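The values are calculated or read from the model by the stated rules, or taken from the named source; none is laboratory data. Note that the coordinates shown come from a computational prediction; the quantities given were computed from them, not determined experimentally. Cβ: placed from backbone, ideal geometry, glycine included. Neighbour counts: every protein chain shown. The protein model used for the area step is the full one, side chains on, heavy atoms only, and it has no ligands, DNA or RNA in it. Shrake-Rupley method; radii C 1.70, N 1.55, O 1.52, S 1.80 Å.
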Amino acid sequence: MTNQELQAYIAGKIHRSDLAAELPGFIEAARVNINRRFGLSLVAFVNPADTNAVLSDWPDLYQFDALRAAYEWLNDGPNAQYYGQRWNQVC
């Protein structure tokens with residue numbers, strides 16, 4: 001999976017095409033949490049084709065935490081909690 005594919009996945013899950021400018025921030029939040037949780041030093045995505053080993057091998061880590069961040073931004077507590085729990089399960 002690439003950065004572009006991850007952004008499309010998140011936009012599709014939240015059913016919001018108007019949040020394109022916010023998607024990189026949700027993904028960045030996920031990257032920071034992954035780095036913190038696993039002691040990694042993943043770098044931020046810059047280009048649409050960017051990827052890394054975690055996104056390639058365990059895309060759920062990025063997907064669930066980016067969705068958690070998106071739903072927090074949308075003030076949707078139940079969905080933010082759901083995806084936060086899913087992320088913890090995958091961890």
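Details
- Matching residues in region 1-15 - criterion: being crowded, with 18+ Cβ neighbours inside 10 Å and either in contact (Cβ under 8 Å) with a residue 60 or more places away in the chain or part of a loop (DSSP other than H, G, I, E, B) (or both): Leu6, Ile10, Ile14
- Helices (runs of 4 or more DSSP H) lying entirely in region 16-91 (those with 3 or more residues that are open to solvent by 50 Å² or more (accessible area, probe 1.4 Å) and β-branched (Val, Ile, Thr)): none
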